[in-house]
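Below you'll find the structure, written out as structure tokens, and then a few comments.
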Amino acid sequence: MKLTESRVNNQGVMIHVAETNAGSKEMIPLVIIPGLSECAEDYLPIMERFAPRHCVVITLRGRGKSDSPSSGYTLEDHISDIEAAIQQLQLTDFILLGYSRGVAYTIGYALQNTSLLKGLIIGDYPAVHTHLRDGWVDFMATMPPWKGKTILERMKRKALEALQKESVNVAFWEELSRVTCPTLIIQAGKDSPLSAEAMQMYKEQWPDAEIVVFEQFDHNLFEPSPETFIETVDDFMRKVDQSSKR
């Protein structure tokens, strides 16, 4: 696997970007927006499986190797991280994948850049940026490790506190129809944050979307084995590749 790492200056906040197979023209590139506290390293094993496809994962502010400013964690700030990275990489015509809370940032970016998208993948989350209630940081600190790390090992407490303080409710449902590229929605079969009502709203806005339910998985779509996720996403991307060649 050919791995390239870089840092993007987004108005003084350095954003870490990891790429595999940069420069490959064989397939449409994939850009990944991780979940709540995830970073690029969480996705490198998956990206390796998509070779020779050019894959990009953007570590949003406050996570991983990106800077952790004391403030600046609004929805708009996160969208700007994606914008800055994609502009620096000069990417056009790509597939965009968002997972968990990263779906809100993904959709926010997609609505502002519909012409750049060849495909969109929604990973088990509604089209909503949620307000995080008081006490959320302390609650999250008691949660079991995610992929081997607790949230306080993944993000500084001050970043989590700013994320909570600056969060507001934003619903994207009424705007979704402006995104017209092929779309894949993956829903966990157990304890999914994507309710039946929310799934119905996705179907109303994107009647042609491909919907796959991982019946035996909870919100962690990658365990106990990532194979189902990899195969589902790869199958969708190959269909997008083929439709783009027509």
Residue that is most open to solvent (accessible area, probe 1.4 Å), among those in the range 118-130 that are out of contact with any Asp or Glu (no Cβ under 8 Å at 6 or more places or on another chain) and assigned to a strand (DSSP E or B): V128
Filtered residues of the range 74-117 (kept if touching a strand residue (DSSP E or B) at 6+ places or on another chain (Cβ under 9 Å), among the acidic types (D, E) and open to solvent by 10 Å² or more (accessible area, probe 1.4 Å)): D77, E83, D93
Would you mind finding the one in L194, L184, L160 that is crowded, with 20+ Cβ neighbours inside 10 Å and assigned to a helix (DSSP H, G or I)? L160
Restricted to the range 62-80 and to residues being of a type in the set (D, E, K, R) and touching a Cys at 6+ places or on another chain (Cβ under 9 Å), the residue nearest to I33 (Cα to Cα) is R63
Filtering the range 89-117 down to residues that are closer than 23 Å to A196 by Cα and in a helix (DSSP H, G or I) yields G102, V103, A104, Y105, T106, I107, G108
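For (1) of a type in the set (S, T, N, Q); (2) open to solvent by 70 Å² or more (accessible area, probe 1.4 Å); (3) more than 17 Å from Y73 (Cβ to Cβ); (4) at pLDDT 95 or above, each residue gets a yes or a no:
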site	(1), (2), (3), (4)
P144	no, yes, yes, no
G148	no, no, yes, no
K165	no, yes, no, yes
N169	yes, yes, no, yes
A188	no, no, yes, yes
M201	no, no, yes, yes
D208	no, yes, yes, yes
Would you check if S66 is touching a Ser or Thr at 6+ places or on another chain (Cβ under 6 Å) and hydroxyl-bearing (S, T, Y)? yes
Can you tell me how many residues in the range 138-197 are within 20 Å of the chain's Cα centre (by Cα), within 23 Å of L96 (Cβ to Cβ) and free of Cβ contacts under 8 Å to residues at least 60 places away in the same chain? 4
In the range 80-87, is there at least one residue being assigned to a strand (DSSP E or B) and of a type in the set (G, A, S)? no
Flagged in the range 214-243 as touching a strand residue (DSSP E or B) at 6+ places or on another chain (Cβ under 6 Å) and surrounded by fewer than 16 Cβ atoms within 10 Å (Cβ to Cβ), in numbering order, are D218
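The values are calculated or read from the model by the stated rules, or taken from the named source; none is laboratory data. Keep in mind it's a predicted model, so treat the numbers as computed, not measured. When we count neighbours, we look across all protein chains shown, and the Cβ atoms used for this are built from the backbone with ideal geometry, even at glycine. Side chains included, ligands, DNA and RNA excluded: accessible areas come from the protein's heavy atoms. Shrake-Rupley method; radii C 1.70, N 1.55, O 1.52, S 1.80 Å.
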